[in-house]
Every structure is written in C-alpha cells, then in structure tokens.
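Each remark here refers to the structure printed beneath this line.
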Amino acid sequence: MKALIVLALALAPLTARAGCPTMTGADAALAMQGDDLRLAWIEGRLARTSRRAKFWLHGWELGLVSATAINLAMLPILGDTTSNRIDFGLGAATTIIGVVPLIFWQPRVIDDHEAVEAARGTADVCSRLADAERRLTASATTQATLRAWYMHGGNVVLNFGVTLLFGAFHHWRTGILSGVGGAVIGEAIIFSEPVDQIDDLAKYRRGVALSSGLVSTF
C-alpha cells in the first residue's frame, strides 16, 4: 500500500502537465505545471496587486486633495493678502494638478484583473489561460515603464517648473520649498506604486513553485 502511494505521488506531476501551449520564452518547467494551476496562479497574483494598486491610487488621491484643501484653508487663517495668495493659491493649484492623472488613470493591473475575472465563465481553459498570460505580460511591461528613468526625469522637470512659477512672482523661497517637496512626493508616488507583475512574470516563465503563490495576501 505504501509503495502505491509513493508511486501515485511520483506520477502526479506527469498527470498535471499542461495541455495548453506555454507562453513564448517560458522554461520547460512551466509545461510541467497543470493548466488550472497556471491560471489560478496568475489570477491570484493579479488579484493581490489589484487590491494593493487600488489602495495606492485612492490613498494618493486623498492625500493630494487634502494638501490642496490645506493650502486653500491657509488663506482665511493667515489673511487674504497678495503674498499669501501667491504662496497658498499657487500651492493649491500646483498640488491639484497631481490629482488629475490619478482621477482619469488607474494602474493597468486593475483592468487586467477585472478582465481575467470576467472571463471565468468561459469554458475554454486554454483561451482563458492565454489571455491571462497576455495580461500578466502587459501589466509587467507597463509597470517597468513606470519605473523608467524618464518618469523620474519628468518629475524633476515638472517640479523645477513649479519653482520657476513661484520665482516669476519673486517668491523664490516658497518656490524652492514647493519644488523640492513636490519632487520628493512625486518620487514617493512612483516608488510606492505596486509593480509585482515584473517579478511575477519572471517567476511564471520559470514555472517554479507556482503552487506557493495561490494563497493571496494583502
């Protein structure tokens, strides 16, 4: 009886081999994983990152809107003078600009996760798996772009412009503080956005320990 159990465990990986094609560039180990396991792993990883991305998105929206409100609140508190209008009025205007892209744009992984979830009713496992693999790759590519050098460069240039804007009104001290502070916040926004799919894609292509990623935690 013991020998039969050992034999069954030894043959289990063979019976779980993928029946669907593997993605381009994947190691041979991925083909040893079952189709349902591969699909469940991708779904789980996209779900986890999607939750974290929503928290990131709404957290920064709330933070930037609050900063705008604080700037505007300073006017009646400190006095509605020309100097304060420049410092806090421009401060509110430049802060609210950062909210606009967050309102009209959301991390791609959120849409990819929703699309994968919507396809659950499809009977064809291979088509669902192929679509999930494409979305995993697309999310990873987008996330890598968000960490590219030109994103950091754009952040610095934008906030240097904020400094010059204040300088045009001869408020250089406020401009420098706003520019440096804005650049720091911009970098925090960039580096805090979840980019899990970059590593997930590499792990998936290797086909190693996919079962360990089935339990998703925030």
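The values are calculated or read from the model by the stated rules, or taken from the named source; none is laboratory data. Small disclaimer: the values here were computed from a predicted structure and weren't measured. Every residue, glycine among them, receives a Cβ derived from its backbone with ideal geometry; neighbour counts consider all protein chains shown. To get the accessible areas, we keep the full protein, side chains included, count just its heavy atoms, and leave off ligands, DNA and RNA. Shrake-Rupley method; radii C 1.70, N 1.55, O 1.52, S 1.80 Å.
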Exercise for the section: Give the number of residues within the stretch 42-79 that are under 30 Å from R128 (Cβ atoms) and either among the charged types (D, E, K, R) or touching a helix residue (DSSP H, G or I) at 6+ places or on another chain (Cβ under 9 Å) (or both). Expected result: 16
Problem - Selection status of A188, under 30 Å from T22 (Cβ atoms), surrounded by fewer than 15 Cβ atoms within 10 Å (Cβ to Cβ) and within 14 Å of the chain's Cα centre (by Cα) - result: no
Handout entry: Residues (assigned to a helix (DSSP H, G or I), open to solvent by 40 Å² or more (accessible area, probe 1.4 Å) and touching a residue at least 40 places away in the same chain (Cβ under 8 Å)) located in the stretch 152-177
Key = L165
Problem - Test: residue in the stretch 119-132 that is touching a Ser or Thr at 6+ places or on another chain (Cβ under 7 Å) and in contact (Cβ under 8 Å) with a residue 12 or more places away in the chain - result: yes
Problem - Test result for V195, crowded, with 19+ Cβ neighbours inside 10 Å and either within 29 Å of G89 (Cα to Cα) or at pLDDT 95 or above (or both) - result: yes
Exercise for the section: Restrict the check to the stretch 16-34 and report whether at least one residue is part of a helix (DSSP H, G or I) and of a type in the set (K, R). Expected result: no
Completion exercise
Selection over the stretch 34-72 where residues are open to solvent by less than 40 Å² (accessible area, probe 1.4 Å), of a type outside the set (S, T, Y) and over 25 Å from R108 (Cβ atoms) yields a count of 3
